[in-house]
């Protein structure tokens, strides 16, 4: 449809004569006639007046078709894979190496192993590395306390029979072990309650821990007293059982949620 045909169509649709339209846009009737026969083209200011009069856009006035805003091109943002996990892993590995190179016994025994464990987990475990690190470091701390003090979380059952001569600091250590283990369980359930899969890293630990504990039970017997071995190897079994408890609770929660739906 030409501009002239469109002007004539819009004028007729509004019941205007060529004279009335000419008067509205302040031109002669002959000018309107020439526009409608495409003998001439309205100037820009006349086009604007015609568009306002017909209540259409300039684009619709000229083309005869409603104006459709162009569709914005879809921009696909490709996120770069996060390197944060690997960076954190390298930092902890470096800290572990520095701790070993210091020659300080405290750093070599207490700092280097956790640092190295966290670093390796961050580098190798891609799903919930923080949670896997929490389990690993918690297990290492609990095992160290059992080995160094001979205490474990079960010592708390003697709380009401404890005397000052038995050293309340030792009782505090036992309670700290119990609270720490409960904390790890609660955090794990909180973080995983909406997940469909159990972290692979924790599955590996659930298999490795009891196997390592049983191996330690028999392999260390020739070089260590049975009392020290008992303190040491039971932590492997108990932490694996803790993981089983978390898995069972999560499964029951998911089953309950599925029943409600």
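Return a yes/no flag: does the stretch 130-141 have any residue that is farther than 19 Å from residue 184 by Cα and touching a helix residue (DSSP H, G or I) at 6+ places or on another chain (Cβ under 7 Å). Don't jump to the end; show me each part of the working.
Kept after step one, since they are farther than 19 Å from residue 184 by Cα, are these residues of the stretch 130-141: none.
No, every residue in the stretch 130-141 fails to be farther than 19 Å from residue 184 by Cα and touching a helix residue (DSSP H, G or I) at 6+ places or on another chain (Cβ under 7 Å).
Tell me, yes or no, whether the stretch 168-178 has at least one residue that is over 30 Å from residue 244 (Cβ atoms), in a helix (DSSP H, G or I) and in the same structural domain as residue 204 (by TED's automatic domain parsing).
For the stretch 168-178, residues over 30 Å from residue 244 (Cβ atoms), in a helix (DSSP H, G or I) and in the same structural domain as residue 204 (by TED's automatic domain parsing): present.
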Options 58, 95, 101; residue that is within 54 Å of the chain's Cα centre (by Cα), at pLDDT 80 or above and surrounded by fewer than 17 Cβ atoms within 10 Å (Cβ to Cβ): 101
Meets criteria (at pLDDT below 90, assigned to a loop (DSSP other than H, G, I, E, B) and in contact with a helix residue (DSSP H, G or I) (Cβ under 6 Å, 6 or more places away or on another chain)) for residue 151: yes
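Of all the helices (runs of 4 or more DSSP H) wholly in the stretch 1-50, which have at least 3 residues that are within 60 Å of the chain's Cα centre (by Cα)?
Per the criteria, 3-13.
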Unmet requirement for residue 35, which otherwise passes all of (1) loosely packed, with under 10 Cβ neighbours inside 10 Å; (2) at pLDDT 65 or above: (1)
Number of positions in the stretch 27-40 that are free of Cβ contacts under 8 Å to residues at least 12 places away in the same chain and within 21 Å of residue 57 (Cα to Cα): 1
Filter result (over 14 Å from residue 63 (Cα atoms), out of contact with any helix residue (DSSP H, G or I) (no Cβ under 6 Å at 6 or more places or on another chain) and loosely packed, with under 14 Cβ neighbours inside 10 Å) within the stretch 1-19: 12, 13, 14, 15, 17
The listed residue being under 23 Å from residue 217 (Cα atoms), touching a residue at least 40 places away in the same chain (Cβ under 8 Å) and within 32 Å of the chain's Cα centre (by Cα), out of 138, 126, 150: 138
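The values are calculated or read from the model by the stated rules, or taken from the named source; none is laboratory data. No experiment lies behind these values; they were computed from the predicted model shown. Glycine gets a Cβ as well: all are built from the backbone with ideal geometry, and neighbour counts include every protein chain shown.
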